[in-house]
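> Have a look at this one before I ask anything.
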């Protein structure tokens, strides 16, 4: 069974913007999705937020081409009314993070991949079925090379 990972906005931004600290790990994750080794979910809100950043940086043309590719390989889901109501009911100090979390939970994701330490601290352990990891942790612990049963170690990357 393939891992189903929810990718937070910052993971998408790692792929779209040069020089971000987790860019290499996020690229590995996106390649695994392209290779159909795992399933991934992002929200329409993440795409809108990423578009805003790309427009401000004058990179709309590159962004639009990237969005087309994302839509071909990743499940892009809207934040639902249910997610919004859950975020209101269980407000944890960051409404956008709350909505993202409940979309991941409602989408039955196994893992949320995010670089946001506050997000991880708030939600780690909230649902025993969802783990929260940074892109680096995800690649190190969950990406298993073909033909093996062990996750990648630092020397394998």
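> Could you tell me how far the Cα centroid of region 116-136 sits from the Cα centroid of region 8-23, in Å?
18
> Order these peptides, 19-31, 65-77, by their mean beta-carbon neighbour count within 10 angstrom, highest first. Write out the running numbers ahead of the final one.
Working: 19-31: 17.2, 65-77: 14.6.
With the highest mean Cβ count within 10 Å placed first, the list reads 19-31, 65-77.
> Now a separate question. With each label point set 7 Å from Cα along the Cα-Cβ vector, what nm distance links residue 37 and residue 18?
Here the answer is 2.6 nm between the modelled labels.
> Shifting gears a bit: Taking the chain as a Gaussian network, where each spring joins two C-alpha atoms under 10 Å apart, which residue of 104, 40, 57 fluctuates the most?
57
> Mind ordering 46-56, 1-11 by average Cβ neighbours within 10 Å, highest first?
For the peptides 46-56, 1-11, the packing ranking is 1-11, 46-56.
> A further question follows. Mean residue ellipticity at 222 nm from the helices of the chain, using -39,500 (n - 2.57) per DSSP H segment of n ≥ 4 over the full residue count, to the nearest 500 deg cm²/dmol?
Rounded to the nearest 500, it is -15500 deg cm²/dmol.
> How are the C-alpha pair distances of the chain spread across 10 Å bins, as whole percents from the shortest bin up?
With a bin width of 10 Å, the distribution comes to 11, 41, 36, 12, 1.
Read-outs: derived from the displayed coordinates by stated rules, not from any lab. Since the model is a prediction, treat every value here as computed from it, not as a measurement. Positions of Cβ are generated from backbone atoms using ideal geometry, with glycine treated the same way; all protein chains shown enter the neighbour counts.
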